[in-house]
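What follows is one structure encoded as structure tokens, with my remarks underneath.
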Amino acid sequence: MTNPSPNLISDQILEKTKKHPCYSADAHNKYARIHLPVAPNCNIQCNYCNRKFDCVNESRPGVTSEVLTPDLAKEKFVWVKREIDQLTVVGIAGPGDALANWEYTKATIEKIKETNTDVTFCLSTNGLMFPEYASEIIALGVHHVTVTVNALDPEIGAKIYKFVSYKGKIYEGSAAAELLSRNQLAGIEYLAQRGVLVKVNIVMIKGINDHHIPEVVKKVKELGAFITNIMPLIPAPGSAFEEFPQTSMKDINDLRNTCQLDIQQMRHCKQCRADAIGLLGEDRSQEFRMCNRQTPKIRTPKVEEKQYKIAVTSKYGKLVDQHFGHAAEFIIYQGDGHDFQVLEKRAVEQYCQGMEECDNDESKREGTILSVQDCDAVLTMRIGYHAKLQLGAKGIYSVEYCDTVENGLSYTVNQLTNKVLL
């Protein structure tokens, strides 16, 4: 098999690549990027991954301080672009997988295009959903795609991936790794043959895939990959590999030097957060959290001064930024849609640990629901299907929202007064 012709890559794409800090070593200290965390769900479980929200001192893939809707992502882009003139790239890198949340990913790109036609869009994915969405990626005008390929050999992959969820079925072991690899490789070839610049990330895990990586590099080069990025394992607390040693940069660079003979190597990667902003070496994500932005208050009409009691999942009482099942307490607000006050904070037993499906502990979930049974509604960033049904059965309306608590409360009252309880 031969590599795609360089003629497939337009001069315009090559010019944009010069201003892409991840694809061009010369650009990383001149041009900025913004990662918009609009993709919370993931369809695989890597043994090195623990996706934890609001861990401000960590810089690794899968970490974010907030999850945004496409509308809020557009607002954030406009805000950041106004403040950082050298912003050239919009990336979607989680905190889950961009293609596992394709509806949100696509809507975000379309909305930002309405405000800016010059920005370069970039997606990061595990590649599992390439067969479904590769053609749509091209149609959407995305010309830079990063895919993480850690193994070709299913037996090696089985040591890296706990499970793969694909089309409603859970795969484990070598079957999961084989399915994932097959979809990844097919997608790389498809995209590269159509002029998309594909960067392949590879996590180097000593004793598991380090000896296998040169084979991975040769294969993705054969399929048309533009560049590979061999990255050190960062042992994430709470992950299956938390006790593994972090791969040394000497080992990384030795392997990069070996693989440089086959394809160009990225050597300036910072393994960025899913909400990273700014230059690669100067992350300004905490400066641009949505809770720091001044937003107009949503006003709703008075409704006969009816008082509503609403339970909110919020880390610090500013943003609606917690999953219903992740909450260790609810902040109980009471108000009429215009003005609210905090009545109390109620501690609950967290029933979702965030690593797998959350709706698996019936007794804990029931206890959580009973703790808010006197409320009219629950305002939360995300909520599982079964929890939502159980709340509805008790006459409690559940609202999924991602903005300030103040706006969320007003929005919830608006929903209560204009919609039938589900």
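The values are calculated or read from the model by the stated rules, or taken from the named source; none is laboratory data. Remember, it's a predicted structure, so these values are computed and weren't measured experimentally. Glycine gets a Cβ as well: all are built from the backbone with ideal geometry, and neighbour counts include every protein chain shown.
Quick notes on this structure:
- Residues of the stretch 248-270 classified as touching an Asp or Glu at 6+ places or on another chain (Cβ under 8 Å) and either not assigned by TED's automatic domain parsing to the domain that holds residue 193 or not charged (D, E, K, R) (or both), total: 1
- Among (1) touching a His at 6+ places or on another chain (Cβ under 9 Å); (2) modelled with pLDDT of 90 or more, the one test that residue 44 misses: (1)
- Scan the stretch 376-390 for residues that are out of contact with any strand residue (DSSP E or B) (no Cβ under 7 Å at 6 or more places or on another chain) and surrounded by fewer than 21 Cβ atoms within 10 Å (Cβ to Cβ) and the total you get is 5.
- In the stretch 240-263, residue modelled with the lowest pLDDT [restricted to those that are polar (S, T, N, Q) and surrounded by fewer than 20 Cβ atoms within 10 Å (Cβ to Cβ)]: 246
- Residues of the stretch 310-335 classified as in contact (Cβ under 8 Å) with a residue 40 or more places away in the chain and surrounded by fewer than 16 Cβ atoms within 10 Å (Cβ to Cβ), total: 2
- Residue in the stretch 358-373 that is surrounded by fewer than 19 Cβ atoms within 10 Å (Cβ to Cβ), in contact with a strand residue (DSSP E or B) (Cβ under 8 Å, 6 or more places away or on another chain), modelled with pLDDT under 85 and closer than 23 Å to residue 307 by Cβ present: no
- Here residue 246 fits the description: polar (S, T, N, Q) and within 25 Å of the chain's Cα centre (by Cα).
- Of the residues making up the stretch 391-422, just one is crowded, with 19+ Cβ neighbours inside 10 Å, assigned to a helix (DSSP H, G or I) and without any contact (Cβ under 8 Å) to a residue 40 or more places away in the chain, namely 391.
Let's see how each residue does on (1) closer than 19 Å to residue 210 by Cβ; (2) out of contact with any helix residue (DSSP H, G or I) (no Cβ under 9 Å at 6 or more places or on another chain); (3) of a type in the set (S, T, N, Q):
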| position | (1), (2), (3) |
| --- | --- |
| 234 | yes, yes, no |
| 238 | no, yes, no |
| 244 | yes, yes, no |
| 254 | yes, yes, no |
| 279 | no, yes, no |
| 290 | no, no, no |
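- Members of the stretch 105-138 that are among the acidic types (Asp, Glu) and either in a helix (DSSP H, G or I) or touching an Asp or Glu at 6+ places or on another chain (Cβ under 9 Å) (or both): 110, 132, 136
- Options 98, 107, 151, 158; residue that is touching a Leu at 6+ places or on another chain (Cβ under 6 Å) and among the small types (Gly, Ala, Ser): 98
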